[in-house]
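Report on one structure; see the data block that follows.
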Amino acid sequence: MLKDFLKDREIILASGSPRRQAFFKELEIPVTIDVRPVKEVYPDSLKNEEITDFLAELKAEAFQKELKPHQILITGDTIVCLEEKALGKPKNAEEAIEMLESLSGKTHQVISSVCFTTSKKQETINAKTTVTFKELTSGEINYYIENYKPFDKAGGYAIQEWIGLIGITHIEGSYFNVVGLPTHIVYRTILNL
């Protein structure tokens, strides 16, 4: 559906995430992958979607001066927020255990921001999904971390993996947002660019 709309445009996806790349393929949106290193550091004063908005826009800065009129740059960021505290990606097994123990038996939010940048303008959108975990046993947490190594995932888990299958009891909002991209909003935003 978007192929005709995008025939004179080039979408640049600045994401190394295999999940995000797969979503664009499934949406039938051809993209060029161009990932540039960015220090993902944000001011301590930011909370919730302010963090993801800031990081999505920060990732776009590396490209802004070189975008051509026919190009659309897409950058994004996702965090897990538990009681107003942002959980990033765990650096090791100990951090992953700590994160999953903190999420066990509780409800948290997954927040994603997507920034659309052209040579003339920039628009950032975000989505929130509420996720509830059952009480996870230490055996379940350890099994997941040992077998799935979720060190590249915000909050130390992926909803589509084993821990999501056995541990998530309720979700309110976009499932695909939790996987890593609020696809319905991305689709709508591209149509309106």
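The values are calculated or read from the model by the stated rules, or taken from the named source; none is laboratory data. Every value quoted in this text rests on a predicted model; they were computed, and no experiment measured them. In this analysis, Cβ positions are derived from the backbone assuming ideal geometry, glycine residues included, and neighbour counts consider all displayed protein chains.
Quick one: would you say LYS39 is surrounded by fewer than 20 Cβ atoms within 10 Å (Cβ to Cβ), under 20 Å from SER17 (Cα atoms) and free of Cβ contacts under 8 Å to residues at least 24 places away in the same chain? The answer is yes for LYS39. Given the condition within 26 Å of GLU26 (Cα to Cα), in contact (Cβ under 8 Å) with a residue 60 or more places away in the chain and in contact with a strand residue (DSSP E or B) (Cβ under 8 Å, 6 or more places away or on another chain), answer yes or no: does some residue in region 138-154 qualify? Yes, that holds for at least one residue. Of all residues in region 39-95, count the ones that are farther than 18 Å from LEU181 by Cα and in a helix (DSSP H, G or I). Of the residues in that region, 7 qualify. Within region 14-26, the only residue that satisfies the criterion of being in a loop (DSSP other than H, G, I, E, B) and surrounded by fewer than 16 Cβ atoms within 10 Å (Cβ to Cβ) is GLY16.
Restricted to region 1-13, and to residues there that are assigned to a helix (DSSP H, G or I) and of a type in the set (A, V, I, L, M, F, W, C), the residue that is modelled with the highest pLDDT is PHE5.
Taking first residues from region 78-90 that are on the phi < 0 side of the Ramachandran plot and among the β-branched types (Val, Ile, Thr) and partners that are assigned to a loop (DSSP other than H, G, I, E, B) and crowded, with 18+ Cβ neighbours inside 10 Å, the Cβ contacts under 6 Å between residues at least 6 apart in sequence or on separate chains come to THR78/GLY180. Considered as a group, the residues in region 107-127 that are buried (at least 21 other Cβ atoms within 10 Å of the Cβ) and among the aliphatic types (A, V, I, L, M) include one that is nearest to ALA62 (Cα to Cα), and that residue is VAL114.
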